[in-house]
Amino acid sequence: MAVEETIKLPKTILMYPMTLASQAAAIVMRFQQNVAELVIKGDATLEQIFPPKDEQPEWATFDEDLPDDDTSAVDVDTLDGEPRAEGRFALYSAPDAGAADDWARVASTPAKGAVSVPEVAEELDYEQLTLAQLRARLPSLDLDELEALLAYEEATKGRAPFQTLLANRITRATAK
């Protein structure tokens, strides 16, 4: 019996750190559960002593508060007749075909103050590029092409992220 225990001793010694670590993790988890239970009990006690107010601020409007026939509600998909952007990731999604056609028509229409489409914009299909796609193509452009794209962007859409990206790239290119 002592011989068998002596043979198992190296395996047992190797297992001790893992056993201690798992026991420590179990103790920490048990402590966290006890603290969570105390917090829940404390919240329930405070709710009994100080009942929550069921007041709604006058400026807060929720869908369930609006009558079904309310025509004064704002359409969240359009604002001033223009489609609203789809959040902060709208810059990374491709524009719909209608918007791109409108942009190309405005840019190519010979009107007072209209800008002609630079050759580099046609080569890159600039109207269809997202911000990420433009960023990927910037290293292949020279300074004149970057300036032409910036002037074109300012004259047509005037999108701040695109202008900033192009202006920063121009700054870096002139600093070299």
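Read the figures in this text as sums done on the coordinates, not as results from a lab. Quick caveat: nothing in here was measured; it's all calculated off a predicted structure. Neighbour counts run over all protein chains shown; Cβ positions are idealised from the backbone, glycine included.
A few remarks follow.
- Pairwise FRET efficiency - D125 versus T171, Cβ, R0 = 22 Å, nearest 0.05: 0.30
- Rg and Dmax of region 1-53, Cα atoms only, in Å: 22.4, 72
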